[in-house]
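Laboratory data are not the source of any read-out in this text; all were calculated from the coordinates shown. Model, not experiment: these values are computed from the prediction. Virtual Cβ from ideal backbone geometry, glycine too; neighbours counted across all protein chains shown.
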């Protein structure tokens, strides 16, 4: 079955997470994604372990789980683009490609003749997506940028974590690299918009994506709260800046979450848990009232929820259709019946592990569904096939390039 992007060719020069995440989405949607990596070492994240995928025999394979999380469905070609012969191979691959993704520091690829100006002259229809920490312009454009630094710089950590006056208070980073992941998503949107624009203009274009821009944009309501008041938002821990009660509570055995999004849900919640008078209290009638008396209401509810187990409260509250749920660890999350029903854990046999599994794509398309054509590739797994099929290189030419260290072939 054809995917939504079948027939589109992507040259993925990116490493680590933001760029590879974008490339993996294109692969899921049917594009031919050719991942160009350094010989011998490959993508930086290939060495970011343990954990490593186990082999069929149960021993570590050397294939890092971090790398595998963002690279399924691609073909790996190992080319040394620091050398003129490798640069020539890369330019030839780009000559009839639709998209190139790269995350080198701004201006770095110009010295290899792989910058947008050079490649767009070769292929005017090329959509060239640059992903950097700070973008192609501005005083910090030449600096490297990492997710952790951007989470702090963009203000996300200032609103993440418990308040300073509470145990464990202080700024916290998010448990996954959200600036990287969101930049990968925004990059995917930008590139697909450029593909649609190309249908009209006949031209490709340069997509300039920055982690800092994305994280600032993704502050969403918190940045608007600042623009409206002139006051920087603080940290609310597991509570919400604009809605109460919308937070973690502690039952007699463990914590759980209530996300009460409006006044009618608050009335339903209080009726269900045996506190029907609370919504009539002038301090708690409207959400604006509850925000003003946040600590008082939270203390009342916290004491009440300590009288039964989390599962008991969840069942009671779910019955009146107020959003509520447990705080799962990853194992419990993947064991949720809804996760199974949505086929979010998928089997993709790997040459070293026939029972290999990954987290699936959340994209559900009715006519051109996502497909999982292949597992994350081993380094240089497709060097010969790609250079033969796309560039017409002979076995003798491949052998000469390999002997010179220009390419890396997998036995």
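In plain terms, the residue of 26, 256 with the fewest other Cβ atoms within 10 Å comes first and the most crowded comes last, giving 256, 26.
Ranking of 35, 364, 173 by neighbouring Cβ atoms within 10 Å, starting from the fewest: 364, 173, 35. Listed peptides 152-165, 270-283 appear in the order 152-165, 270-283 once ranked by packing, highest mean of other Cβ atoms within 10 Å at the front. Axis angle, to the nearest 10 degrees, between helix 178-201 and the longest C-alpha principal axis of the chain: 60 degrees.
Indicate the gyration tensor shape class of region 1-111 (rounded, prolate or oblate), computed on the Cα atoms with a ≥ b ≥ c the square roots of the eigenvalues: a/c under 1.5 is rounded; otherwise a/b larger than b/c is prolate and the rest oblate. Walk me through the numbers on the way to the answer.
Details: a/c = 1.98, a/b = 1.25, b/c = 1.58.
Oblate, because a/c is 1.5 or more while a/b does not exceed b/c.
Taking every DSSP beta bridge that has both ends in region 1-129, the antiparallel portion is near 10%. For the chain, the longest principal axis of the alpha carbon atoms and the long axis of helix 263-273 meet at an angle near 70°.
The order of 313, 21, 48, going from fewest to most other C-beta atoms within 10 Å of their C-beta, is 48, 313, 21.
Only alpha carbons enter this Debye calculation for region 207-331, each as an equal point scatterer, and the log10 of I(q)/I(0) it gives at q = 0.13, 0.14, 0.15, 0.18 Å⁻¹ is -0.60, -0.68, -0.76, -0.98. Extension gain, residue 332 to residue 367: 0.36 nm times the residue separation minus the Cα-Cα distance gives 9.4 nm. Can you tell me how region 107-169 classifies by the Cα gyration tensor, rounded, prolate or oblate, using a/c under 1.5 as the rounded cut? Prolate is the answer for region 107-169, as a/c is 1.5 or above and a/b outweighs b/c.
The angle separating the long axis of helix 294-305 from the principal Cα axis of greatest extent in the chain is about 80 degrees.
For the pair residue 320 and residue 201 in one chain, pulling the backbone fully straight at 0.36 nm per residue adds 37.5 nm over the alpha carbon distance.
Compute the FRET efficiency between residue 6 and residue 343 as 1/(1 + (r/R0)^6), taking r as their Cβ-Cβ distance and R0 = 22 Å, and round to the nearest 0.05. Taking R0 as 22 Å, the efficiency between residue 6 and residue 343 is 0.60.
Here region 1-30 and region 335-411 have alpha carbon centers that stand 11 Å from each other. The calculated P(r) of region 283-358, using every Cα pair and 10 Å bins from 0, goes 15, 27, 26, 17, 10, 5, 0 in percent. So what is the 222 nm mean residue ellipticity for the chain from helices alone, if each DSSP H run of at least 4 adds -39500 (n - 2.57) and you divide by all residues, rounding to the nearest 500 deg cm²/dmol? Helices in the chain give a 222 nm mean residue ellipticity of -10000 deg cm²/dmol. Secondary structure note: in the chain, about 45% of the DSSP beta bridges are antiparallel.
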